[in-house]
Amino acid sequence: MGFPIHRGRRLRRSEPLRQLVRETELSPSDFIYPLFVTEGRGVRRPVSSMPGIYNLSVDNAVEEARQAHSLGIPAVILFGIPDRKDAKGSSAYASDGVVQRAISEVKEAIPSLQLIADICLCEYTDHGHCGVLSGGDVHNDSTLPLLAQMAVSCAKAGVDIIAPSDMMDGRVGAIRKALDEARFELVPILSYAAKYASAFYGPFREAAQSTPKSGDRRGYQMDPANAREAIKEVLMDIDEGADMVMVKPALSYLDVIWRVKQLVNVPVAAYNVSGEYSLVKAASQNGWVDYTRIMLEILTSIKRAGADLILTYHALDAARVL
Ligand code: PBG
């Protein structure tokens, strides 16, 4: 195997040759583009911590989804920003909620675009936690029926895929059962199975207005130090009926993506989260890095680690250059 019989440089001499032996190829069909949908009409409000990302009213969300679709992106994930928040997150499961309306209008406009609903209460509760509070703690079991209700209401609106991101125990099973009982047995679940309590979600919380008023999410999201535990979470979710599993965030957790991919035989998604996006945007706006090259290198690394699907705010930018 040694030099000079072998020379690594032989296969790196030209772009066509490099392309011939390239192991990982990105494609717009790998991407899922997140959309933040807000009340009103004609709204396109920039998210200051995420250059290039907007809060969109339903009409503009349809247009943004059309853009994504025309660039070859097969799916979008929808986050709702309601006008009214309360202790139980009621507008998360209202039939005329902002996300439910976005689902039905985008579906009607672009039937072949796959719509994913993020299922979680944090954008809808006045306290900003992902479940209901009881004695100052986020109460697991009384949150489950509300998540199930939200999933069913999104299915009724025509969503293609349900993606629970709350990290309550047993939510995949509860959602599966509720979907089946409502005759949505063919609606798949993409579970945020290994979701870490991460500082990389900072900009998202501005975009989705979902910062917890007190405390943090470490009581239900995973400790960044743990990887074996991710395997446990993933296997439990598959056992409860998850059709696909997600690792989130992506970049500081490439080892977790890799481990999960080696172990399971369902599609693996990775979420290239808001903080990962904004760091790159900020550095490139300062002229410190080459935006396009950094973006493609990051997305390639996530795919190389084993992600079959990548949720990313770069989706439109990346699809345009691929
Ligand atoms: C919860 C949810 C969050 C993200 C996706 N779903 C925020 C959180 O857990 O605080 C983060 C996405 C990102 O940072 O891009 N509804």
Subset of the range 111-150 (residues that are in contact with a helix residue (DSSP H, G or I) (Cβ under 7 Å, 6 or more places away or on another chain) and either closer than 13 Å to SER214 by Cα or among the β-branched types (Val, Ile, Thr) (or both)):
ILE119, VAL132
Those residues of the range 257-269 which are touching a residue at least 40 places away in the same chain (Cβ under 8 Å) and more than 13 Å from the ligand (Cβ to nearest atom), in sequence order:
ILE257, TRP258, VAL260, LYS261, GLN262, PRO267, VAL268
For LEU254, only one of the following conditions fails: (1) within 16 Å of MET222 (Cβ to Cβ); (2) within 16 Å of the ligand (Cβ to nearest atom). What is its number?
(2)
Just one of (1) aliphatic (A, V, I, L, M); (2) within 12 Å of the ligand (Cβ to nearest atom); (3) crowded, with 18+ Cβ neighbours inside 10 Å; (4) at pLDDT 95 or above trips up ALA199, so point out which.
(3)
Among the candidates ILE294, ILE302, single out the residue that is buried (at least 19 other Cβ atoms within 10 Å of the Cβ) and either within 13 Å of the ligand (Cβ to nearest atom) or not in a loop (DSSP other than H, G, I, E, B) (or both).
ILE302
Tally, over the range 202-237, of residues that are buried (at least 20 other Cβ atoms within 10 Å of the Cβ) and either closer than 17 Å to PRO267 by Cα or not small (Gly, Ala, Ser) (or both):
9
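The values are calculated or read from the model by the stated rules, or taken from the named source; none is laboratory data. Since the model is a prediction, treat every value here as computed from it, not as a measurement. With ideal geometry, Cβ positions are generated from the backbone for all residues, glycine too; neighbour counts draw on all protein chains shown.
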